1. How would B:105, B:156 line up from fewest to most surrounding beta-carbon atoms within 10 angstrom?
2. Testing the spin-label approximation: label points 7 Å from Cα along Cα→Cβ at residue B:104 and residue B:175. State their distance in nm.
3. Once the Cβ-Cβ distance between residue A:114 and residue B:73 is put in as r, and R0 is 22 Å, what FRET efficiency do you end up with, to the nearest 0.05?
4. Shortest first and in nm with one decimal, please list how far the residue B:41 label point sits from its counterparts in the other copies (point 7 Å along Cα→Cβ).
5. Using the count of nearby Cβ atoms within 10 Å as a rough guide to exposure, how do A:181, A:81 rank from fewest to most?
6. Give the span of segment A:71-187's Cα atoms along each principal axis, as three whole-Å numbers ordered largest to smallest.
7. What is the ratio of the Cα radius of gyration of segment A:51-118 to 2.2 N^0.38 Å, with N the residue count, to two decimals?
8. How long are the semi-axes of the ellipsoid equivalent to segment B:9-79, from square roots of 5 times the Cα gyration tensor eigenvalues, in whole Å, largest first?
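Please treat every number below as a calculation from the coordinates, not as lab data. Worth saying up front: this structure is predicted, and the values here are computed from it rather than measured. Backbone-built Cβ (ideal geometry, glycine too); neighbour counts: all protein chains shown.
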């Protein structure tokens, strides 16, 4: 059965002035691989992505965004028309509280940058879902990984969470573990992100079938 | 006469934890275009560059770096063996005072990020130059541009400074104005960065000939 799959990918950038920003190492490879794989499997794909340097997968509807707030707005606009969310983006957790209109000048003094939490895109979309919609989150943890991923799944009411090793970020391959709502962990050994993408899209198909 | 030209390019990244960083929009295009042009003109080029997504110019010795501190170390290692410095990199002005060893966890609270000024790569290399070495700086100003660029030339004891319009950042083309030590401004109209690179390498050649 063809699904409508909303995929987020890449980092977000949170500007503090017209040229400077906070971001992270995410390359967008996982999300782009998911989109390519989902298109190949016959699904309809919307790919909301932050600034990346990747060839976009043919056949996916692309929605480029910059900040976490923009990503949330873009996703909210289309979420209700989708069956599955694959939240692979590495959304910045913090953004400068104030965005300066002109370039911050360098001085010899140190500086306190006031940051505030960005909107939680995954939690918001999960909370707004309608019956039958499947939400799969992603986690990158460097300590106490399984416990933290399980906490995230529960707190954000996810159908499944994909736990990445820290070495996965910006790398072409990764090793992942997947936790489903029933408490079962599945490990998928070190592989190219395109191979992992195939397994994750397969999981989304099974979860969507169960939800129907 | 073949010169040995040290060129810096791109942004730097200043990490606050293993995956998050502060950076800026610089694409590295200007510095890479300068390197390509300098090689074509028969000069020996060392290109010290931050994280960029560009094809490296054939024939230049590449030195990839990440942070401002690394860029300074890499440049200092080789500066004395060069005749000219073209400081096209957009070095981050501030870096987190503390780099966390593990991923900062998101919380609902806001956060004060303590930043301190990065080393001033251009000022340091200019101060350490030996007789005959030519130093050309770059400035990107969004207000009071000429006065600020002139101040930078004087303060850092530069032979010339290239003033970019803010629209130049990450763009394939730009419009520049060049100030030399004699107080003369020259404007080079909107053009592809490769065309501007040719003019700037020509200026470096003239200034190096005067210094000899």
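1. Ascending Cβ contact count within 10 Å gives the list B:105, B:156.
2. My value for the distance between the label points is 3.8 nm.
3. Working: r = 31 Å, r/R0 = 1.41.
About 0.10, to the nearest 0.05.
4. Taking the point 7 Å beyond Cα along Cα→Cβ, the inter-copy spacings are 5.6 nm.
5. Working: A:181 14, A:81 10.
Neighbour counts put them in this order, fewest first: A:81, A:181.
6. Projected onto its principal axes, the Cα set of segment A:71-187 covers 54, 33, 27 Å.
7. Numbers: Rg = 16.7 Å, N = 68, 2.2 N^0.38 = 10.9 Å.
Compactness ratio reported: 1.52.
8. Working: eigenvalues 111, 38, 13 Å².
Ellipsoid half-lengths, sorted descending, are 24, 14, 8 Å.
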